[in-house]
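Since the structure comes first, as structure tokens, the remarks are kept for the end.
A short reminder: the numbers here are calculations on the coordinates, not readings from a lab. No experiment lies behind these values; they were computed from the predicted model shown. When we count neighbours, we look across all protein chains shown, and the Cβ atoms used for this are built from the backbone with ideal geometry, even at glycine.
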């Protein structure tokens, strides 16, 4: 091969590498890289109270059967906290950074090949990532923190079971992962009433405006019909935001409630967390419209009493 | 030697200020904004006495060092000139007469226009601001595209050093102005060196006047000079009259190129007590003078006409701002007109891409001046970058506490457009983004909540307007106010709430 041909080949290879997978390709292949069915755990839902975030998670995940049950050797894992706002951890606008770090470490211990952290933020993403403390904590724990502020990071996925939302652009990190762990923080929400596990899905999609303009509560339920459901939902209720959510104004909106919930059943965990919240501020389950709508889509049950629940007070 | 020092200093300052304008990732410390504060016009408008005295002293000592090394537009012209030499090996300059009348007419017209609120002209001609706009509107898109290219390559190999950024035009009018400035000044520099500096630039004219009295000057030792004329051919300011052995110090920009080219060592940068060469200002061109006056008068008249006309489109449900929202720290649009030269450093530095150059929203005199626009984002409650970097005092520095209570505009709600009202479904996106809860959700029909506004505590950040999903017309927007207010935000008491049980 002479030099000219060699250079041509090199250039062509380079150009090919930059071509991105198209949306259509994703649709065709999504069934093949969907997560394998997770192993059943001893409990449907574990609720922990009274400890520090890390200690509560350690206890809770042990009761769930350990992280290795959900994260297998060589997995690519996404840990998806709420990093929506340019707020320090004490203001409860975002997930607790210590909890995020602990989950990442347990994933790595369980043999995860790679742990990725991101959120589609509301405030300027660089400020959110930095001031939430999550970027630093996640990096220190060994995760890769990736951006989510540009549409090109997202790929269209169809949601055949959705009622209002028939397709959505989902962040590529979720689509390319083996499993993902949903780690919301427990907050009051001006529009959706509550922001918990289901509402946290709005941080994996690009076009949130569509949700708001096409029946928000229904769209929140619809997005949870995503074939690649979170393998675990971990609700951070160490600090909850009782008023002025989801952004909050000041410390006066925050309650140090020291709670934590873990479940694979997204409707059940959000129901449990809403009931927990209801102790601080009146929040009837029927007012949180997306709970019943998700139950109607067979995404889980609001009837916690019928589930195998483990409650731990520390 | 002097020439080499000049080149090193110029190139360093030029590279730093350009990079500072381009740097979106914040890898350059904020301290570099002092490079913009030492520029003449911003310092003048900010009444930055230390800088002004320093620059005056510098000029009185050594002449137009500002023009040769500190002004990025000057260095840009030298770069173009150097490129031109590559293509035209025999490029030569020759002495030309000073355009004294034209130069002072420009200064006069600019000054009068400024006093009458037509700030556009000084912003257009100020070399630093013009360079800033070229960097922000022409160079930066290329810089961002380059970043995205690197991002795609690095990410292929699993390296996350770079992240993607949106590349878009902040304002078509400012892009056009920046491009025309770039090409015009570039063309002039290509064909004849520092023409802009010595015929148009008001800073050049004033500093040129001062430098006639400077202590150190380039002087020709007539005893050594053999009248070869090479200094004159080398002079990109065309200010050396080799026949009469005179240098027009009002135009010499201290590039020291002549010192190096003189084989007789007859050119010296020295300070013998020699009377400065008086430039005769005869040869006044009457028609030119009339022309300049006509331009000035027409310009002034036009500002008055345009400033009074307001663009109000009234469609029933369409939210249309009638008063532009001036950035934090600007106190009012009038203050901007007094201080802002539209260098667009704030436009470039705003992390949320909220600051955009105005077209005629502030009137004709305020074309290119910064205003808030909520298409790409909203003003971050906990951010003071724009007012931190502004070199001319147009945006006065704010502490975080001051920023939190400054009202730049007031929220307006159009019920007929609101999703909750039209579709009967939940939304609340506006309230979600409101940092002071000037937009809060109150009970509505069927267990729904609907926005309720309290303009008294609205800071005008535009979070609500940016995020409102109502189509085609937004249900909530921010209306500008004539001058900024201070809002009173009540401090809420922290209640001690205990949670003892699971609640289910």
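Between residue B:94 and residue B:456, the FRET efficiency from the beta-carbon distance, with R0 = 60 Å, is close to 0.30.
Remark: spin-label model distance residue B:338-residue B:167 equals 4.1 nm, labels positioned 7 Å along the Cα→Cβ axis. Helix B:2-22 and the long axis of chain B differ in direction by around 10°, with both axes built from C-alpha atoms. When shorter helices are ignored and each DSSP H run of at least 4 residues is given -39500 (n - 2.57), the per-residue value for the protein assembly as shown at 222 nm works out to -11000 deg cm²/dmol. Structure remark: mean-square fluctuation, Gaussian network model of chain A, C-alpha springs under 10 Å; the largest value among A:167, A:287, A:263 belongs to A:287. Prolate is the label for region B:309-486. Its Cα gyration tensor axes, ordered a ≥ b ≥ c, give a/c of at least 1.5 and a/b above b/c.
The distance separating the Cα centre of region B:1-20 from that of region B:214-236 comes to 24 Å.
Our summary gives region B:422-504 a relative contact order of 24 percent, counting only alpha carbon pairs under 8 angstrom and 6 or more residues apart. In terms of surrounding Cβ atoms within a 10 Å radius of their Cβ, B:168, B:66 rank from fewest to most as B:168, B:66.
Largest GNM mean-square fluctuation across A:47, A:55, A:143, computed for chain A with C-alpha springs under 10 Å, falls on A:55. Once you reduce region B:326-387 and region B:427-504 to the center of their Cα atoms, the two points are 24 Å from each other. The ranking of A:114, B:401 from fewest to most other beta carbons within 10 Å of each one's beta carbon is B:401, A:114. Rounded to the nearest 10 degrees, the angle from helix A:3-18 to the longest Cα principal axis of chain A is 20 degrees. Rounded to the nearest 10 degrees, the angle from helix A:97-109 to the longest Cα principal axis of chain A is 60 degrees. Here the spin labels are modelled as points 7 Å beyond Cα on the Cα-Cβ line, and at residue B:47 and residue B:376 they lie 3.4 nm apart. For region A:45-313, the share of alpha carbon pairs falling in successive 5 Å distance bins from zero is 1, 7, 14, 19, 22, 19, 13, 5, 1 percent.
With Cα atoms defining each centre, region A:234-310 and region B:239-259 are spaced 79 Å apart in the structure.
Estimate the FRET efficiency between residue A:308 and residue B:495 by the formula 1/(1 + (r/R0)^6), using the beta-carbon distance for r and 25 Å for R0, to the nearest 0.05.
Numbers: r = 36 Å, r/R0 = 1.42.
Here the calculated transfer efficiency is 0.10.
Taking 8 Å as the Cα distance limit and 6 or more residues as the minimum spacing, I'd like the relative contact order of chain B as a percentage. Don't skip to the end; give the middle numbers.
Values: 896 pairs, mean separation 81.4, N = 504.
Result for chain B is 16 percent.
Relative contact order, whole percent, for chain A stands at 22, derived from Cα pairs under 8 Å and 6 or more residues apart. From largest to smallest, the equivalent ellipsoid semi-axes obtained for the protein assembly as shown from the alpha-carbon gyration tensor read 61, 31, 22 Å.
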